[in-house]
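Just below is one structure, and these are the notes that go with it.
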Amino acid sequence: MSADPIKIVEVGPRDGLQNEKSIIPTETKIAFVDALSSSGLTEIEVSSFVSPKWVPQLADALEVFRGITRVPGVVYSALVPNEVGLDRAIEAKVDKISVFTAASETFSQKNVGASIAETIKRFRPVLQRSPVPVRGYVSTAFYCPYEGKIEPNAVVPVIEDLLEIGCVEISIGDTIGKAIPEEVTRLLEVTLDICPVEKIAMHFHDTFGNAIANSSASERMGVRVFDSSAGGIGGCPFAPGATGNVSTSALVRLFEGRTGISLEKLEEAAKIVRPFLTR
Ligand code: HMG
Ligand code: MG
């Protein structure tokens with residue numbers, strides 16, 4: 001393995017908590033983010049400015065942003081589905097936002113009540129007005145909980161659309177954690193024809209235990225940005241059967257000496273939320 005630095009985007013406070021049914025106290029979320037901020041992470045996805053009716057757990061996104069202690073050099077980001085979310089994110093002084101769509105029409109409908117084309121239409125004014133850089137997520141890039149296998153030719157046009165509207169980074173999501181390394185390599189081969197590898201992040205869930213092998217396969221293709229959650233918590237409420245993200249500690253071990261993240265500090269952070277988790 002080469003020794004290039006690896007960047008880990010910690011998504012635990014957002015992806016990790018969004019699927020928890022019992023509402024976690026806002027102070028606990030703030031303490032979790034603050035503990036993560038001292039671990040050496042350089043980017044933390046703090047929450048989502050989505051509809052509180054759809055994701056009640058993250059209804060306190062603004063309060064969490066107001067409560068955290070920002071460490072210089074750490075980017076604090078959030079999910080934004082539309083212009084209403086953008087206005088809330090601006091009020092919270094986020095450093096970066098993430099718009100999110102999918103490669104499967106059924107998942108898109110279940111997740112945001114819109115077709116893929118409609119999501120891109122919603123994002124255009126968000127990108128035009130955003131005062132901060134925008135990441136674009138493509139969910140169900142390998143498998144969909146409703147449609148099954150998704151072929152690369154359904155994923156690539158979505159990535160092209162997200163780049164065209166101005167996303168500076170594309171996070172490719174194995175939402176239900178079903179991909180295998182060969183599928184990851186194949187998707188990256190075609191993706192890298194239309195997108196520089198520097199703009200790619202990989203977002204693996206670990207339902208079938210393949211996330212580490214998939215991360216290695218991505219690294220061999222040149223990817224240097226990976227999403228993960230402290231303690232491996234997580235899952236999407238609109239993707240039945242999906243379990244947590246790949247654990248941040250597992251990635252820190254895989255990419256030893258390349259992430260700048262402390263395993264001890266990560267464990268301290270995970271301990272803060274663990275007593276509140278039911279999943
Ligand atoms: P909708 O109900 O169709 O929205 O939701 P609407 O435009 O019809 O508006 C209805 C009401 O919601 C209005 O209020 C709006 O103002 C309000 P009313 O007039 O009735 O009082 N509203 C909002 N309020 C707060 N914040 C907002 C917002 N937007 C509208 N942003 C919407 C459409 C997209 C908002 C909804 O479907 C939604 O919030 N979905 C979020 C789903 C979600 O968060 N999924 C999980 C994240 S994605 C994921 O986990 C995958 C990922 O990890 C990658 C991977 O693993 O693959 C990223
Ligand atoms: Mg996810």
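The values are calculated or read from the model by the stated rules, or taken from the named source; none is laboratory data. The shown structure was predicted, so the numbers you read here are calculated from the model rather than taken from an experiment. All Cβ positions, even for glycine, are placed from backbone atoms using ideal geometry, and neighbour counts span all protein chains on display. Keep in mind that these areas ignore ligands, DNA and RNA; they rest on the heavy atoms of the full protein, side chains included. Shrake-Rupley method; radii C 1.70, N 1.55, O 1.52, S 1.80 Å.
Points worth noting:
- Some residue of region 176-195 being open to solvent by less than 30 Å² (accessible area, probe 1.4 Å) and hydroxyl-bearing (Ser, Thr, Tyr): yes
- Considering residues of region 193-204 that are part of a strand (DSSP E or B) and more than 12 Å from residue 168 (Cα to Cα) only, the residue farthest from ligand 2 (Cβ to nearest atom): 202
- Verdict on residue 246 being touching a residue at least 24 places away in the same chain (Cβ under 8 Å), touching a Phe, Trp or Tyr at 6+ places or on another chain (Cβ under 7 Å), of a type in the set (Val, Ile, Thr) and buried (at least 20 other Cβ atoms within 10 Å of the Cβ): yes
- Screening 258, 186, 220 for residues that are touching a residue at least 40 places away in the same chain (Cβ under 8 Å) and among the charged types (D, E, K, R) leaves exactly one candidate, 258.
Yes or no, residue by residue, for (1) within 16 Å of ligand 2 (Cβ to nearest atom); (2) surrounded by fewer than 21 Cβ atoms within 10 Å (Cβ to Cβ); (3) modelled with pLDDT under 95:
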| position | (1), (2), (3) |
| --- | --- |
| 206 | yes, no, no |
| 213 | no, yes, no |
| 216 | no, yes, no |
| 220 | no, yes, no |
| 229 | yes, no, no |
| 239 | yes, no, yes |
| 257 | no, yes, no |
| 260 | no, yes, no |
| 266 | no, no, no |
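- Residues of region 21-61 that are open to solvent by 10 Å² or more (accessible area, probe 1.4 Å) and within 10 Å of ligand 1 (Cβ to nearest atom): 50, 51, 52, 53, 54, 55, 59.
- When 81, 72, 157 are checked against the criterion of being within 22 Å of residue 9 (Cβ to Cβ), open to solvent by 40 Å² or more (accessible area, probe 1.4 Å) and either under 15 Å from the mean Cα position of the chain (by Cα) or more than 16 Å from ligand 2 (Cβ to nearest atom) (or both), 72 stands alone in meeting it.
- Candidate set from region 205-228 (those that are in a helix (DSSP H, G or I) and aliphatic (A, V, I, L, M)); member that is nearest to ligand 1 (Cβ to nearest atom): 211
- Extreme residue, least open to solvent (accessible area, probe 1.4 Å), among residues of region 131-147 that are more than 12 Å from ligand 2 (Cβ to nearest atom) and within 13 Å of residue 204 (Cβ to Cβ): 142
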